[in-house]
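Heads up, the thing below is written out as structure tokens.
The values are calculated or read from the model by the stated rules, or taken from the named source; none is laboratory data. What you see is a predicted model; the values in this text were computed from it and never measured. Cβ placement follows ideal geometry from the backbone for every residue including glycine, while neighbour counts extend to all protein chains displayed. Remember, those area values only see protein heavy atoms, side chains included, never the ligands or the DNA or RNA. Shrake-Rupley method; radii C 1.70, N 1.55, O 1.52, S 1.80 Å.
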Amino acid sequence: MNPSQAASHEKIGERLIVYLIRFAGYLSIIYVSLICLFLLKEGAPALFNVPLSSLFGPFWYPIEGQFALWPLLLGSLTVTIGAALIAVPLGIGTAVYISEVAPRWAKEVLKPLVEILAGLPSVVLGFIGILVLSPFLRRLLGLPTGLTAFTGAVLLGWAAIPTIVSVAEDALNAVPRSYRDASYALGATQWQTIWAVTVPAARSGILTAIMLGIGRVIGETMAVMMVTGNAPVVPSGLRALFAPVRTMTATIAAEMGEVANGSQHYQVLFLIGILLFIFSLTINLTAFAISNRRLKRTERLLS
Amino acid sequence: MNKQANQKLPFLTARRMQTLGFGALTLVSVVTVLPIIALGVFIVVQGMPAINWEFITDFPQNGMRAGGILPAILGTIYLTIGTAIFSIPPGVAAAIYLAEYAPDNQLTRAIRVAMVNLAGIPSVVYGLFGLGLFVIFLRFGTSILAASLTLSIMTLPVIISTTEEALRSVPHDFRVVSISLGATRWQTVWRIVLPQSLAGIITGVILGLERAAGETAPILFTGAAFFLPRLPQSPLDPTMALPYHLFVISTQVPGMPVQIQYGTVLVLLVFVLGMNLIATVIRSRMRARRQW
Amino acid sequence: MPAKIVIDHLSVRYSDQAESLRDVSLEIEENAITAIFGPAGGGKSTLLRTLNRLNDLADVDLVSGKVLLNGKDILDRRVNVMELRRKVGMVFSRPLALPLSIYDNVAYGLTTAGGRRKARLDEAVEKALRQVTLWEEIYDRLHTPAHRLSGGQQQRLSIARVLALQPEVILLDEPTSALDPVSTTKIEALLHELSASITVVIAPHNTQQTARIADYAAFFLSGELIEYAPKTQMFTLPKDKRAQDYIEGRFG
């Protein structure tokens, strides 16, 4: 084979490789489209086959054809708000501590621990919830059962912490050193600088962190299914926090295994999936837009 | 230091505020991580007595209340390998496209938006999708194949974004020099960029697979089995898996000995966190071997 | 005999309008050293990077005019750029060894072009390394990582990497700006030797260097060619006032 032939041979091979690479690049779009397509294909018929009075009714009794989405939506909302109330202050506080205050050794202890938490499978969290947390909370609060929205919220709060800590910490670290120095030069203490300069400068990143954390909580499935008691009732008042609830994710996970393909129940579960998909889409797109805006602004500053 | 503040606020001076504030932040961090440490110790203490040779090499017996968890361990290994097969090649290729080829245009932005979405979709929704596409539409049935494919799509964004980061960390000048010597883009990627970012890519891939190995929701309706008397014979068989098995024995089986539950948790954690540890070691080694 | 490279009304503009060339026409003589000099931001790098189409990598939004190499327009879309870059080699200001062994660095251009015969590669590598007087220093560690070499050695390696391809033209963008005086002298001597058989186009890193090594000198200011003349004429009797001022150190 002479060299020019070898070269043209290689060229064809290389062309093929580049086509494959390009195709792989488009895969994300293809997969998202496929996910949309199949959720719609299986779930949209629910809107026509299940009476709206049932979908918007007050009860979730699949056996009697009662498919009210409201209790599940509220269940998810209750747990999510509870988890956010725990995860946001702890997560942001820890991020600020790691990035601004902690001595080196403390950083080196904290960061791997947070990473370990991020790596914990959700089923392990659920297991701990059942065996340790819920009996503890039941005794502590004198409840009839430990499997409540509150238990779920505590657990999911911790599940969301790693996301919040790592994204917020990145945002804080990205704040230029000179901002802080300028503040010190004006006579501010480190503490004043953190809250008056550093955190406000990183606010869009911190906002992104909170949104992604909330996204993580809404989508969390196994842990929440294992500890929230799975009662699809409309929660009311503050006491609802300490009663069993049923979230959207848990409903899908718990019931999909037992339904006939194509039945009303099956379609409604996919419909819930569509709702979850829309929620995550909204949250992630917003977070993406926020963090992208920040990126653009930084680029302008640097150029 | 702050004289003015000293005069106005005799008690809550800026310095005292700072001491209090730092104390509060330290407390918050301790509250955040203490449960993790406590849990780790607790699980190891409770789970260690259950771990012995039989536990990891035997089938479950007596309705899973005795014996070992071999099928679950093997199942998780099968699923992880399957996920690796379906997620690493396209994930790395997609990252190469984004880092080395993609022009700065609307389509590339659309890819990034799609990736962000893919990363945020709840795991149970992946389960639904896998059920709809792989199990029913493509007729793979509940099987290792369907579950691996589902997990691989979920893992893809992690692999793409970590790989892209690793590729981008290779200095741009190497590419310019290589191209200036008459190399094509692909030759540049293959001979210079990929070897230099390999460690970073491996780290990212392991972190992605680690997540997949611990997932339960995506495999619930696509490939996980409650109990199987024998090991899966082909990729089209369903399989037991550690995370699902843990779910089963902690919620679905009455009278389950606690020791077996903790033992299962410990094995699952060793599996998952062990992968994490390997990734960390590779990452720290890579910095030492860098050639720039 | 026609010039080796004929640049005909060439204009280049980047999309951020940064550095550009405006209507440059210039004939570069074969087997001589042509120095492109002038204050920073004058378009020297842009010109060099256009000559081997390295600008294809950058964000260029306008290129007009012609660049003829041996009478053929290299800006033509149908040109095989990979082949062009082997013919027109490039050396950068910052010495940069590819993350490979010394041997693989020098053989890189040959192997990417499809060269596989070990004996021929060995021969080409040795010859190139001897040309840049690096062979004696490193022949016993050809297969060790190239990034361990010193800056001056890495720059000579960069030149060897280009020479291994037996180019017709070699472009150098301030090749000695990061080097010590001794290495600089070595490289200048080398360029002088090379110019017997290769067309050398260099953007020197100061006026003295231009005076030392150039056969022809082209003075660039803000993207325009102000004056082009044999070196001796340029440094004794420049026609343009701005060129004279720059050479005499009144600005720059």
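For the protein assembly as shown, what is the charge dipole size about the Cα centre, in debye to the nearest 20, if Lys and Arg each add +1 at the Cβ and Asp and Glu each add -1 at the Cβ?
My answer is approximately 1100 debye.
Towards the positive end of the charge dipole of chain A, with charges on Cβ (+1 Lys, Arg; -1 Asp, Glu), say which of A:VAL154, A:THR208, A:VAL114 has the farthest Cα.
My answer, from the dipole projection, is A:THR208.
Which residue fluctuates most in the GNM of chain B (Cα springs below 10 Å): B:ILE260, B:ILE36, B:ILE278?
Maximum fluctuation in the GNM of chain B, among the listed residues, is at B:ILE36.
Which of B:GLN252, B:GLN261, B:GLN46 moves the most in a Gaussian network model of chain B with Cα springs under 10 Å?
In this elastic network of chain B, the residue with the biggest mean-square fluctuation among B:GLN252, B:GLN261, B:GLN46 is B:GLN252.
Show which lysines lie in cross-link reach of C:LYS72 when reach means a straight Cα distance below 21 angstrom and same-chain residues fewer than eight apart are skipped.
C:LYS4, C:LYS87
Please report the carbon-and-sulfur percent of the accessible area for the protein assembly as shown; probe 1.4 Å, protein heavy atoms only, DNA, RNA and ligands left out. Before the final figure, lay out the partial values.
Details: 23120 of 37770 Å².
Taking all protein chains in place, the protein assembly as shown shows 61 percent carbon and sulfur surface.
Mind checking the range C:194-252 for GluC sites (Glu not before Pro) that DSSP puts in a loop (not H, G, I, E or B) and that have at most 12 other Cβ atoms within 10 Å? Kindly include the intermediate steps, with their values, before the conclusion.
Working: sites: C:GLU224, C:GLU227, C:GLU248; in loops: C:GLU248.
Passing both the DSSP loop test and the Cβ count: C:GLU248.
For A:TRP70 and A:ASN292, what is the calculated FRET efficiency with R₀ set at 30 Å and r taken between the beta-carbons, to the nearest 0.05? Provide the component values of the computation, followed by the final result.
On the way: r = 35 Å, r/R0 = 1.16.
Rounded to the nearest 0.05, the efficiency is 0.30.
With a cut-off of 8 Å between alpha carbons and a minimum separation of six or more residues, what is the relative contact order of the range B:67-289 in percent? Could the numbers behind the result be given before it?
On the way: 283 pairs, mean separation 66.3, N = 223.
30 percent.
Separation between the C:GLN166 and C:LYS72 pseudo-spin-labels, each 7 Å from Cα along Cα→Cβ, expressed in nm?
Going from the C:GLN166 label point to the C:LYS72 one covers 1.7 nm.
Among C:GLY115, C:TYR14, C:VAL79, whose Cα sits farthest toward the positive end of the charge dipole of the range C:1-136 (+1 at Cβ of Lys/Arg, -1 at Cβ of Asp/Glu, about the Cα centre)?
Comparing the listed Cα positions along the dipole, C:GLY115 ranks first.
Taking the Cα centre of the range A:46-302 as the origin, how large is its charge dipole in debye, to the nearest 20, when only Lys and Arg (+1) and Asp and Glu (-1) carry charge on their Cβ atoms? Present the calculation step by step, with values, prior to reporting the outcome.
Values: 16 positive and 11 negative charges, 142 e Å.
Computed about the Cα centre, the dipole is about 680 debye.
Averaging sequence separations of C-alpha pairs under 8 Å and six or more residues apart, then dividing by the length of the range C:119-252, give the relative contact order as a whole percent. Present the calculation step by step, with values, prior to reporting the outcome.
Numbers: 114 pairs, mean separation 21.9, N = 134.
Value for the range C:119-252: 16 percent.
So how far apart, in nm, are the two label points at B:VAL44 and A:LEU47 if each is 7 Å from Cα heading toward Cβ?
Distance between label points: 5.3 nm.
Quick check for you: with a 1.4 Å probe and neighbouring chains kept, what is the accessible area per residue of the range B:67-289, in Å²?
Details: 7750 Å² over 223 residues.
About 35 Å² of surface per residue is accessible.
Which of B:THR222, B:THR239, B:THR108 ends up with the largest GNM mean-square fluctuation for chain B, with Cα atoms connected below 10 Å?
Top of the fluctuation ranking is B:THR108.
The range C:194-251: which chymotrypsin sites (Phe, Trp or Tyr not before Pro) are DSSP loop and have at most 11 other beta-carbon atoms within 10 angstrom? List each step's numbers first, then the result.
On the way: sites: C:TYR216, C:PHE219, C:PHE220, C:TYR228, C:PHE235, C:TYR246, C:PHE251; in loops: C:PHE251.
Answer in residue order: C:PHE251.
Between C:SER222 and C:GLU29, what is the FRET efficiency for a Förster distance of 25 Å, r being their Cβ-Cβ separation, to the nearest 0.05? List each step's numbers first, then the result.
Working: r = 25 Å, r/R0 = 1.01.
For C:SER222 and C:GLU29, the calculated efficiency is 0.50.
Calculate the dipole size of chain C relative to its Cα centre from +1 charges on Lys and Arg beta carbons and -1 charges on Asp and Glu beta carbons; express the result in debye to the nearest 20. Display every interim value, and only then the final one.
On the way: 31 positive and 32 negative charges, 113 e Å.
With Lys and Arg at +1 and Asp and Glu at -1, about 540 debye.
Along the Cα→Cβ direction, 7 angstrom out, place labels at C:HIS9 and B:THR26. What is the inter-label distance in nm?
About 7.6 nm, to one decimal.
Given the options C:SER222, B:ALA279, B:ALA225, identify the residue whose Cα lies farthest towards the positive end of the charge dipole of the protein assembly as shown (+1 on Cβ of Lys, Arg; -1 on Cβ of Asp, Glu).
B:ALA279
When the helix-only estimate is applied to chain A (DSSP H runs of n ≥ 4, each -39,500 (n - 2.57), divided by the residue count), what is the mean residue ellipticity at 222 nm, nearest 500 deg cm²/dmol? Show your work: numbers first, answer last.
Values: 14 runs with 216 residues, N = 303.
That comes out to -23500 deg cm²/dmol.
So which trypsin sites (Lys or Arg not before Pro) in the range C:108-188 pass both tests, a DSSP loop state and at most 14 other Cβ atoms within 10 Å of the Cβ? Let's see the in-between values first.
On the way: sites: C:ARG116, C:ARG117, C:LYS118, C:ARG120, C:LYS127, C:ARG130, C:ARG141, C:ARG148, C:ARG156, C:ARG161, C:LYS186; in loops: C:ARG116, C:ARG117.
Within the range C:108-188, the qualifying trypsin sites (Lys or Arg not before Pro) (loop, at most 14 other Cβ atoms within 10 Å) are C:ARG116, C:ARG117.
For the protein assembly as shown, what is the percent of antiparallel DSSP beta bridges, rounded to the nearest 5? Let's see the in-between values first.
Values: 26 of 44 bridges.
In the protein assembly as shown, DSSP labels about 60 percent of beta bridges as antiparallel.
Loop by DSSP (not H, G, I, E, B), at most 16 other beta-carbon atoms within 10 Å: where is the longest site-free stretch of chain B for trypsin sites (Lys or Arg not before Pro)? Mind showing how you got there, number by number?
Details: sites that count: B:ARG65, B:ARG139, B:ARG230, B:ARG290.
It runs B:140-229.
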